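Here's the structure we're looking at; comments come further down.
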Amino acid sequence: MSRVNRRAFSRMSPGEIAFEVFNAIFMLCVVVMTVYPFLNVLALSLNDSLDTVKGGIHIWPRQFTLENYKTIFGYETLIIGARNSVLRTIIGTILSVFCCSMIAYTLSRKDFQLRKFFSVFLALTMYLSAGLIPGYMLIRHLGMINTFWVYIIPGIVSAWNVFIIRSFMDNLPYALQESAKLDGANDFTIYARIILPLCKPVLATVALFVAVGQWNSWFDNYLYNSSKIQLTTLQYELQKILQSTTVSQTAPRGTSVLENMARVSPQSVKMAITIVVTVPILVVYPFLQKYFVKGMTLGAVKA
Amino acid sequence: MKHSRGNQPLPVLPAASPARRNSFWKTALQQRWLYLMSIPFIIYVFIFNYLPLWGWTYAFQNYKPHLSFSEQQWVGFEHFVRLFSDDKFYQVLRNTLAMSFLGLIAGFTIPIIFALLLNEVRSSFFKRFVQTVSYLPHFVSWVVVASLVTTILSVDGGVVNDLLMAIGIIDEPINFMGKGSWFWYILTAVDQWKEMGWSAIIYLAAMAGIDPELYEAAKVDGAGRLRTMWNITLPSIRSTIIVLLIMSIGHLTTIGFEKQFLLGNNLTKEYSDVLDLYALNYGIQMGRYSFGTAIGVFNSVVSIILLLVANGVMKRTTKESIM
Amino acid sequence: MKKAVRLITILCIISSLLVLAACGSNNGKNGNSASNNPSQNSENQGQDGLKPITFTWFSADPVSNWNNMQDMVGKEITKKTGVTLEAQFAMDANAIPLMIASGEYPDLISPKGDAAKLVNAGALIDLRPYLEEYGPNLLKVYGQYMDRLSWSKDDDAIYILPSLNAVDHQYMDIAGAFHIQHEALKATNYPEIKTVKDYENAIKSFLEKNPTTADGQKRVGITFLADGWRIMIGVTNPAFLTTGAPDDGEVYIDPETYEVTYHYRRPEEKEYFRWLNHINDIGLLDPEAFTQKEDQYKAKIATGRVVGVIDQDWGFQDAVNSLKSESKFEQTYAHFPVTLNENYKDHQLQSSGFMGGWGIGISVDNPDPARAIQFLDFLASEEGQILNNWGIEGEHYYYDDQGVRRIYPEVQELKNNDPATFTKETGIGFYGISARYGDGVKDSTGNYYTTKWPEQVIENYSSVEKETLSKYGVNRWIELWPQADEFPVKAWGAAWDLPVPSDSDYAILAQRMQEITWQRIPQIILADPSEFDALWDAYMQELINNGVEKMEDEFEVYVKDRVELWGGKVN
């Protein structure tokens, strides 16, 4: 693609130029449309919470304040939560990408005897859901309640990610493995030395999905570890604050009870905590991005 | 199509031989590393995904959580009969499937077109910038998005109505959120707005794996941009698209309820209530575990049928499949 | 493919057998522990005095700003009782069912509406034996209402100590459902506002002369919030409030025969909805009333351009606070007991007596129920209640020369301006988890238990509010309402508070009726008036087709049971 880039504008046909212009305008529209909700959250988080009630804030705060952030950083559990969130994201992502890609490799080997069986066995898990209670009982019997590992182990294998990686591997030239095989390399070596490096774009993608999933999950924290403050996560702390409003589904009848429920954390504080919890994971993206914006030069590897 | 890597004939290792049994163990021995790499995970998947399925027995009992298994009362298919004789069930099923299909159509065209066009952006900086920005809305919660959308579509000073009135398309503001029959389309559009950039990532990754030589060759052939996109980029990400499509088709009935719930209102209920909300309202929230599980079993069965059909159709027509 | 499926089937069968075996043995164990006898282990317990002990406490309501008892009041409570609470809060409806499935319970549980599930599972102990011995203050506070704590007609055990409803609570003020801006009243020369017609006319005539606000914004006649459950507060509850019925949730209960009617089926309520249809027809109703979300609704009110609001005052408090912060007092609201016509009386002040209801229970896993009761007893004592409501003497409040308890001005200021920090640091209000007195009850020093009393309410009115009040010849809004002594005490408490088994046919039918109503009512209100009657009849028929009568009959049984349980007579 680098050579494509170097082509001068002057050599483009009128049709090409029209395409370029249209494309640039289209992309600008996309930017404007998609950046808006996020800027809106940011502006609200920096606005005075009483003033926020009046509405009409778009991408710029009306009454600038850092009070909302001060309120959030007053929560002591935030540090513990941040530590656990970072840990589970890093450990969970590395393990999951490693395991999923390994499975994907075995499934991409058309000659592997268990290929058919394992594919079906794995694919069905995407659609079989046992429900909350059996899942909970399993974790309990495995002794994983109130442990850090409950964040990592149950989610390590995701069928979805496996199939994504496999579909990428299916497109790799088989000749590479052939030649390595002839050199006497075993299957694990082929996977680790030859296949993995070629899969960087898809691994980066899956890593992003897993990392975002790990970072954003709070339900496992709530379900299994809510009684242990040392194991709290950032996302769970956020949910606790946000939940003070969203009881709507279970709202009972009768006004004096409802009065209790209308007591909410101010919207601006909620937006501030959303920013605090979201920004760290956004930073991951640019690091991974280079693997799928620039094309891999497969040709070089082949030679 | 001829450029697609996915369609290159794959060399198959020698498998069938006269002494079948012997050769089976021989191959197994040859593949010992593959076995080592997969058996631990087969056990893992069995424990974490298949063991808990004993919970499906709830669907055939009047399950009470404090009673032991032997003390539960068995009722056969009673909960299923109840489910299938409920008019509301068919209404929520209709809504769920309608929104799923719309989502499927939009979700498999818009992000792909976006990814294709983004892939054509020349400036690497601009490309990265657009990509980063376009995935931001994925991280904004539905509560916020729902509120933004209602404000934008508001009758009273909403941007869209003001715009339409200014250019003279309408004389009177339209109450977008009050029209039940529009809900499916509004929801689909908003969903794409929020998730387009995020969904495109996977296609961009697939495009990053395309051999640049293919583009060079196309250039030599004198192919234009659109032609290259159609003849090289799209076929190269074909297998990714099909795999994603098969997996999504299996999920047609399970689409969550959060976005529908938050974006909808009492005027759109007829069109915005979905199966997952129904399961929550009439199932676990009422302590009716068995009924809730019956809906879960129904979902799983439908999902697997859809998956098998999609997989089979795709295998036959495109030679791509996940199983 | 075929082979694979077969293998999976076999694996599934094996797995289910394995798990069943594991489960069976486990559940047997749980069954035993549930049946231990509470009075047995009370012998040598409860004598430990202040020995530090930590209780786990589950609350179905998240307490915002909870500070793990490291707040001032929390530390004081630990000092006095030796007890530290380790709180867990529910985030969704699954919390209690999961707890039951796992068979492990926190020491103290505040389950809200899920108490019945716990009782059925044998998770809560009978507190009656402990109350006699360790709960003198609890007995004193519940006093004459002790018999309302019994679980049911067949089981007179006490599993829950009610804490949500305060004992002998009197309303210090009330705002009702109908609100109108002070400036509209002033401009229309403070007209009498008793009926919906009065209300409509005042708003209409004000709007005719003042279509825009001083800063040029278009005014909105009447708005309400109808999103999700808020439709009950803003749209459907006023139907019974204006037609002379008390708040019994979604039903009306005949005070003589205890006959239950789904309240929408009362003929008089149809006329209220006809009025809503009418104000929509004449353009007085906000066109966005049924589509707006909470923040748009509040934002609209906060701009000061909404003349009339139908809602409970807590529903748009934020918006009013915003108006006040800009000194737009003229654009805040006056409150009236509006009825459909002169024949009806607003029943909002009718007393339900002490309703019992939601509260706290002690689980079978609690290592020392006696200590737990002593802890709750301390919270119910005069000292404990004052601590929870007022804070610490010399720190948050003091007694003036006349012996009147007063909050320090700087404390009050923090409370008003930064309630989050205030509650988090002081912990005031966190510990209302035991028996407690309501507003208007005085302690042994002659001061009020709570920080709300008539003079204090009046002090907090703005000058505009006081002016409007004086035009109507009263000091507080509550004086405009028919007073509690005009009505008999309801023998069944409040119907919305009745513990109904959540998986009963009634619950399923009620959910269905709610869906129909929430869907039909907006359509009927927005319809052309000529179609109103036809649509209403169709709605009524739809209710009947879906079993509304069965629902009413089933609920009647629960109502009658409670009346009997509480010592009333049922014919």
TODO: Grab the eigenvalues of the alpha-carbon gyration tensor for the stretch C:384-456, scale each by 5, take roots, and send me the semi-axes largest first in whole angstrom.
DONE: 19, 16, 11
Open item on the list: So, R0 is 30 Å and r is the distance between the beta-carbons of residue C:463 and residue C:410; what FRET efficiency does that work out to, to 0.05?
Closed with: 0.80
Open item on the list: Using a 1.4 Å probe on the protein heavy atoms only, what accessible surface does residue A:224 show? Give it in Å² to the nearest 10.
Closed with: 30 Å²
Task: Solvent exposure ordering (accessible area, 1.4 Å, most first) of B:317, C:291, C:451 - done: B:317, C:451, C:291
- [ ] Kindly work out what percent of the DSSP beta bridges joining two residues of the protein assembly as shown are antiparallel, to the nearest 5.
- [x] 55 percent
Open item on the list: For a quick check of understanding: with a 1.4 angstrom probe and all protein chains in place, what accessible area in square angstrom does residue B:280 have, to the nearest ten?
Closed with: 40 Å²
Task: Too-long pairs where the Cα-Cα distance tops 24 Å, listed order kept, from C:270/C:550; A:228/B:194; A:240/B:259; C:153/C:550; A:54/C:112 - done: A:228/B:194; A:54/C:112
Open item on the list: I want to make sure I understand the PRE zone here: with the label point 7 angstrom from the Cα of residue A:193 toward its beta carbon, which residues in the stretch A:144-166 have backbone N atoms less than 19 Å away?
Closed with: none
- [ ] Mind giving me the nanometre distance, one decimal, between the label points for residue B:101 and residue C:217, set 7 Å out from Cα along Cα→Cβ?
- [x] 4.4 nm
TODO: May I ask you to list the lysines whose Cα is less than 18 Å away from that of residue B:315, ignoring any residue fewer than eight positions away on the same chain?
DONE: A:110, A:116, C:2
Task: Within 10 Å of each Cβ in A:167-176, the average number of Cβ atoms from other chains - done: 6
Open item on the list: With both bridge residues required to lie in chain C, what share of the DSSP beta bridges run antiparallel, to the nearest 5%?
Closed with: 55 percent
TODO: Give B:88/B:179; C:204/C:490; C:194/C:560; A:70/C:300; C:51/C:442; C:424/C:452 a once-over and call out the pairs whose C-alpha atoms are over 26 Å from each other.
DONE: C:204/C:490; C:194/C:560; A:70/C:300; C:51/C:442
Task: For chain B, calculated [θ]222 nm from helices alone, where every DSSP H run of n ≥ 4 adds -39500 (n - 2.57) - done: -18500 deg cm²/dmol
Open item on the list: To test your reading of the geometry: what angle, between 0 and 90 degrees and rounded to tens, separates the Cα axis of helix C:2-34 from the longest principal axis of chain C?
Closed with: 80 degrees
TODO: For the stretch C:267-338, run through the GluC sites (Glu not before Pro) and keep only the ones in DSSP coil with at most 15 other Cβ atoms within 10 Å of their Cβ.
DONE: C:326
Open item on the list: Using +1 at the C-beta of Lys and Arg and -1 at the C-beta of Asp and Glu, which of C:408, A:159, A:52 has the Cα lying farthest in the positive direction of the dipole of the protein assembly as shown?
Closed with: A:159
- [ ] May I ask you to evaluate 6.51 cos²θ - 1.76 cosθ + 1.60, the Karplus curve with θ = phi - 60°, for each residue of the stretch C:140-147 and list the ³J(HN,Hα) values in order in whole Hz, giving x for glycine and proline?
- [x] 5, 5, 5, x, 5, 8, 3, 5
Task: Residue with peak Gaussian network fluctuation, chain B [Cα springs, cutoff 10 Å], from B:168, B:250, B:224 - done: B:168
Open item on the list: Output the 0 to 90 degree angle, nearest 10, between the alpha-carbon long axis of helix C:196-209 and the longest principal axis computed from the alpha carbons of chain C.
Closed with: 50 degrees
TODO: Just flag the trypsin sites (Lys or Arg not before Pro) in the stretch C:534-571 sitting in loop per DSSP whose Cβ has no more than 14 other Cβ atoms within 10 Å.
DONE: C:569
- [ ] State the dimensionless ratio Rg/Rh of the protein assembly as shown (Rg: radius of gyration of Cα atoms; Rh: Kirkwood radius).
- [x] 0.98
TODO: Report, by chain and number, residues whose modeled amide H sits under 5 Å from the one on residue C:220, excluding near sequence neighbours (fewer than 5 apart, same chain).
DONE: C:306, C:307
- [ ] Kindly identify the stretch B:38-184 as rounded, prolate or oblate by the Cα gyration tensor criterion: order the square roots of the eigenvalues as a ≥ b ≥ c, call it rounded if a/c is under 1.5, otherwise compare a/b with b/c, prolate if a/b is larger, else oblate.
- [x] oblate
Open item on the list: Output wanted: per-residue J couplings in Hz (rounded whole) for the stretch B:148-164, from phi through Karplus 6.51 cos²θ - 1.76 cosθ + 1.60, θ = phi - 60°, x for Gly and Pro.
Closed with: 4, 5, 5, 5, 5, 8, 4, 6, 9, x, x, 4, 4, 5, 4, 5, 4
- [ ] Would you work out the relative contact order for the stretch C:460-571, in percent, from Cα pairs under 8 angstrom that are 6 or more residues apart?
- [x] 32 percent
TODO: Within 10 Å of each Cβ in peptide B:275-285, how many partner chain Cβ atoms are there on average? Round it to a whole number, please.
DONE: 4
- [ ] Please state, as a whole number in µm²/s, the translational diffusion coefficient that the Stokes-Einstein equation yields for chain C at 37 °C and 0.692 mPa s, with Rh defined as the Kirkwood radius across alpha carbon pairs.
- [x] 123 µm²/s
- [ ] Could you sort C:158-166, B:89-97 so that the peptide with the highest average Cβ count within 10 Å comes first and the rest follow in order?
- [x] C:158-166, B:89-97
- [ ] Please give, to one decimal in nm, the separation of the simple spin-label points placed at residue B:309 and residue C:168, each 7 Å out from Cα toward the Cβ.
- [x] 6.9 nm
TODO: Mind giving me the nanometre distance, one decimal, between the label points for residue A:149 and residue A:98, set 7 Å out from Cα along Cα→Cβ?
DONE: 1.5 nm
Open item on the list: Averaged across B:27-39, how many Cβ atoms of other chains sit within 10 Å of each residue's Cβ atom?
Closed with: 6
Open item on the list: I need the peptides C:305-317, B:302-314 ranked by packing, meaning the mean over residues of other C-beta atoms within 10 angstrom, with the highest value on top.
Closed with: C:305-317, B:302-314
TODO: Mind checking which aspartates and glutamates have their Cα closer than 16 Å to the Cα of residue C:80? Skip sequence neighbours fewer than 8 apart in that chain.
DONE: C:48, C:71, C:377, C:382, C:383, C:393
Open item on the list: Placing unit charges on C-beta atoms (Lys and Arg positive, Asp and Glu negative, everything else neutral), compute the dipole magnitude of the protein assembly as shown about its Cα centre in debye, rounded to 20.
Closed with: 7800 debye
Task: Prolate/oblate/rounded label for chain B (Cα gyration tensor, a/c 1.5) - done: oblate
- [ ] Name the residues whose placed amide hydrogens come within less than 5 Å of the amide hydrogen of residue C:53, ignoring near sequence neighbours (fewer than 5 apart) on the same chain.
- [x] C:83, C:84
Open item on the list: Using 0.36 nm times the number of residues separating residue C:209 and residue C:51, minus their current alpha carbon distance, what extension gain do you get?
Closed with: 49.7 nm
Task: Computed FRET value (nearest 0.05) for residue A:287 with residue B:32, which takes r as the C-beta separation and R₀ as 35 Å - done: 0.40
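The values are calculated or read from the model by the stated rules, or taken from the named source; none is laboratory data. These numbers were taken from a predicted model, which means no experiment stands behind them. Please note: Cβ atoms are built from the backbone with ideal geometry, for glycine as well, and neighbour counts cover all protein chains shown. These accessible areas exclude ligands, DNA and RNA; they are computed on the full protein's heavy atoms, side chains included. Shrake-Rupley method; radii C 1.70, N 1.55, O 1.52, S 1.80 Å.
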